[in-house]
Structure formats: C-alpha cells, structure tokens
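Trainee: A single structure is presented below for examination.
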There are 2 protein chains.
Amino acid sequence: MNIGAAAERSNLPPKTIRYYEEIKLVKPARAQNGYRDYCDADIHRLRFLQRSRSLGFSIEECRTLLSLYEDENRASSDVKALALEKITEIDRKVEELQGLRNTLHALAENCHGNDKPDCPIINDLAGKI
Amino acid sequence: MNIGAAAERSNLPPKTIRYYEEIKLVKPARAQNGYRDYCDADIHRLRFLQRSRSLGFSIEECRTLLSLYEDENRASSDVKALALEKITEIDRKVEELQGLRNTLHALAENCHGNDKPDCPIINDLAGKI
DNA sequence: CTTGACCTTCCAGTGACTGGAACCCTCATG
DNA sequence: CATGAGGGTTCCAGTCACTGGAAGGTCAAG
C-alpha cells in the first residue's frame, strides 16, 4: 500500500507519516520503485499513533505506548500510570488557563471599551495598579 | 542600564531580551563599549511584554498591544476586543483539554491496572472497540 | 596582572510538523 | 509514441518563542 492510501486509512497526512518514519516510529517496506509500502501492521501502528497523539500524548509518550501496545507481556498498570499522569498534566494546564481567563475577564469587565484611550487592561499590562 | 539589570527589573532572562531586540520589540541604545544600554522606557516596554506574554498573548499580539500601549489616541475598545478574543481562545482550549481529560479518565476507570496485559486504554488506542 | 563576572555575536536545537522545490514513476489518452 | 495528470521521492527551510553553548571582548576588584 502506497503512502497516499496509508494516509487515508490512518487519517494522517503523508508528510506526517514520513516524519514518523524519520523519527523511527514506523518502518515501512520499500517497493522496487522506491515507494514506501505499508502493510496492515504499519497501518495499525499509524492509527494507534493518530489516536494517541490526538489524545494529547507527546511523541515520546506515544513511543512508549506503542512499545506497550506491541508487548504481549505488558502490565496494564503501566499503561494506566501513563494515562493518569497525562490526566494530571491536563488538569494543571486547565487550571493555569482558567487563571489566565479569569484575570483577563476581570480586566475586560472593567474596561469601558469605548473610543477613549483610558484602559484598565493596558494599565495592568503596564504595571500601573 | 546593562542587560543584566534590565533582566532583573523586567523579570525576563537576558536571552529573551536579546531575542526581543532581534524581532524588533525593543531597540535599546548602545554604550561605547558595545553593551546594550536600557533606558526607563525600554524597561517599561520589557515589563509590559513580560506581563502580556504571561497572560497568554502571542508575540504578535504583544506587538499590537505594545503599539496600543504607546498610542495616545488608542480606543480602549480595541484593547478590549483583543482581550475578549483571547478569552474565547482560552475557553476553546480549556474545553478541548477537558474533553481529552474525560476520555482519558473514562479509559483509566475501566483499566484494572494490574500485571495482566489486557488493557482498555490500549484497546481504544488500537481502535478495538 | 589576574580573576571572575558580565557582556558580545553567532550557531544550533527544541517539538511536531508543514511547505516547497526539484525530480522520478505510472498510467491513460491523443 | 509523446504528453500530461497524479501519484511518489528527497532535501531544505520555516514555524514559535525561546534556550544552550562556544568563543571572545570588557570591566572592577584584589
């Protein structure tokens, strides 16, 4: 299967698939004309990568997950630990974003939003409190 | 004032300050020995940048905010619009992260987390439903 | 005069792609 | 048989916002 078909089946752009090969996440065979030739297992790996990336795992985490995916002797606790770690990380990000949001919201609330230059948002950014 | 002092006063690392000069966000004078020489207005700009960056504005947004900051004829509505846009953007990010979080949480809930290989998280990533 | 802290420039790397140029392969059509 | 479309290939550069490090210049203190 050529890269175009693999892209369609994995829901990843060809460029990304080549990149994943460059960083050794997939190792497709080559046809005689030099084209990459993806087998079913390759497609499974690509789909796995697409899903885990879209769930917010970094490339290195995906590499770990992929090795667990292909390890018949894996312990599900290892996978669960990664997932829980990621959840904690997401929670931290959400909290930080909500802090920013609240600050911005409070500033915007106090801003008249008219054609005059006086602006509490600018004042805050400038450190004038 | 040398870059070290400017860094201390603006709460930005010297490397970052040099980078901000490279992308033309600040234009400090130069002393005879070639050292950068920051005046009070430069420090204000740097502090402004530090604060707006830490509130989640991109460099280009900071550039806009900075030009508003220094525009005596600005309309506060322009600043408010930027802030509200950023709030919407943050809300979108938070929602997306919470979606991921919930998905991961649901998967982790169903995972025994023991030494057996059977794992709903891996199954989901592999597309086995 | 030397030491050490500070400053300078320039180059390279980060993460995860993405765009583009220049070129090759294959197949259908005129 | 030439040609054009629509694949594929490699390699280089760019993104964003820094950050690290090397090689060297400057300055104040001891």
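Trainee: Taking square-rooted eigenvalues a ≥ b ≥ c of the alpha carbon gyration tensor, is the protein assembly as shown rounded, prolate or oblate, where a/c under 1.5 means rounded and, failing that, a/b exceeding b/c means prolate?
Mentor: Because a/c hits 1.5 or more and a/b exceeds b/c, the protein assembly as shown counts as prolate.
Trainee: A follow-up question, please. If N is the number of residues in region B:80-129, what value comes out of its Cα radius of gyration divided by 2.2 N^0.38 Å?
Mentor: Working it through for region B:80-129, the quotient is 1.74.
Trainee: For A:Gly127, place a label point 7 Å out from Cα along the Cα→Cβ vector, do the same in each other copy, and report the separations in nm, one decimal, smallest first.
Mentor: When each copy's label point is compared with this one, the spacings are 5.5 nm.
Trainee: Given only helices, namely DSSP H runs of n ≥ 4 each adding -39500 (n - 2.57), what is the per-residue ellipticity at 222 nm of chain A, to the nearest 500 deg cm²/dmol?
Mentor: -21000 deg cm²/dmol
Trainee: Mind listing the phi-derived Karplus ³J(HN,Hα) values for region B:105-114, rounded to whole Hz, using 6.51, -1.76 and 1.60 with θ = phi - 60°, and x for any glycine or proline?
Mentor: Once θ is set to phi - 60°, the couplings for region B:105-114 become 5, 4, 5, 5, 4, 7, 8, 4, x, 10 Hz.
Trainee: Identify the GluC sites (Glu not before Pro) of region A:48-129 meeting these criteria: DSSP loop state and at most 14 other C-beta atoms within 10 Å of the C-beta.
Mentor: A:Glu70, A:Glu72
Trainee: Could you give the semi-axes, largest first, of the ellipsoid that matches chain B, computed as the square roots of 5 times the alpha carbon gyration tensor eigenvalues and rounded to whole Å?
Mentor: In descending order the semi-axes read 46, 21, 10 Å.
Trainee: Once you've got the Cα coordinates, tell me which of A:Lys93/B:Lys27; A:Lys86/B:Lys116; A:Lys93/B:Lys86 are over 24 Å apart.
Mentor: In this structure, A:Lys93/B:Lys27 exceed 24 Å between Cα atoms.
Trainee: To continue, here is another question. Quantify how strongly other chains surround peptide A:101-109 by giving the mean number of their Cβ atoms within 10 Å of each of its Cβ atoms.
Mentor: 5
Trainee: If you don't mind, another one. What is the set of long-range amide H partners of A:Asp37 at a cut-off below 5 Å, with H atoms built 1.01 Å from backbone N?
Mentor: Amide H neighbours of A:Asp37, under 5 Å, 5+ apart: A:Ala29, A:Arg30, A:Ala31.
Trainee: Rounded to the nearest 10 Å², what accessible area does A:His44 show when all protein chains are kept and the probe is 1.4 Å?
Mentor: Spelled out: A:His44, probe radius 1.4 Å, area about 90 Å².
Trainee: Another question, then. Can you give me the relative contact order of chain A as a percent, contacts being Cα pairs under 8 Å and 6 or more apart?
Mentor: 15
The values are calculated or read from the model by the stated rules, or taken from the named source; none is laboratory data. Bear in mind that the values here come from a model prediction, so they are computed numbers and not experimental data. When we count neighbours, we look across all protein chains shown, and the Cβ atoms used for this are built from the backbone with ideal geometry, even at glycine. With ligands, DNA and RNA removed, areas are computed over all heavy atoms of the protein, side chains included. Shrake-Rupley method; radii C 1.70, N 1.55, O 1.52, S 1.80 Å.
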